[in-house]
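Below is one structure, written out as structure tokens, with a few remarks after it.
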């Protein structure tokens, strides 16, 4: 009889096992949360480094550098264009009509060649359309494409939640959008919100006079974007209508 009692499991022992399992699961969950937040912080730092590089690239190469963000896929890509670039707001008829004419209804993007647009208007004043994009991939001095600036994930299991930038009439939560850095040493004031699988949201704010970024450990949204159309001048004039 005593031997049979020793082979059984008491209620207290079962409770102890359950507590140990619960503590182990809690520790694993906390560890996973720490890993995902680390990935989120790393993605924010990567984005800040990217915008700082774009700022210096534009300044030293005399180009307009574009950082393209795909909110659906969580990716970025960097390209540049030379010459005078005009930004077309997302609510401008010129841009909405171009998206409507596209078979896939893709947003053509904000940055266009101002001189090509002027030529197009002179030749076909009755047509409301955008010229082809003047942007191309970044290259080294010997003409080789810089692979690290082609389309890349913003981070491991990190997604882009929202982008706030002046040429978008409303905060962007899906599709694609761009940040622009100009050869005059100015850029756009922007906020990019990033999230990890736990739902934690950090925000990267890009400052217009320096191209530097700062991290907010919350879904930060500025009351007013500091973009000044007059301060940017011709390089970044925003075309609102025809």
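Using the beta-carbon distance between residue 221 and residue 37 and R0 = 30 Å, what value does 1/(1 + (r/R0)^6) give for FRET efficiency, to the nearest 0.05? Write out the running numbers ahead of the final one.
Numbers: r = 21 Å, r/R0 = 0.69.
Taking R0 as 30 Å, the efficiency between residue 221 and residue 37 is 0.90.
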Full extension between residue 73 and residue 157 adds, at 0.36 nm per residue less the Cα distance, a length in nm of 29.2 nm
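For residue 209 and residue 123, what is the calculated FRET efficiency with R₀ set at 51 Å and r taken between the beta-carbons, to the nearest 0.05?
On the way: r = 38 Å, r/R0 = 0.75.
After rounding to 0.05, the efficiency reads 0.85.
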Projected onto their principal axes, the Cα atoms of segment 33-95 stretch, largest extent first, over whole-Å spans of 45, 33, 13
For residue 150, placing the label point 7 angstrom along Cα-to-beta-carbon and taking segment 63-86, residues whose amide nitrogen sits under 15 Å are 76-79
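Please give the contour-minus-distance gain from residue 133 to residue 61: 0.36 nm per residue of separation, less the Cα-Cα distance, rounded to one decimal in nm.
Numbers: separation 72, 0.36 × 72 = 25.92 nm, distance 1.90 nm.
Extending this stretch completely gives an extra 24.0 nm.
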Reduced to Cα centres, the span from segment 131-157 to segment 165-214 in Å works out to 18 Å
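Where a number appears in this text, it was derived from the coordinates with a stated rule and is not lab data. None of these values were measured; they are calculated from a predicted model. So basically every Cβ, Gly included, is an ideal-geometry build from the backbone, and we count neighbours across all protein chains shown.
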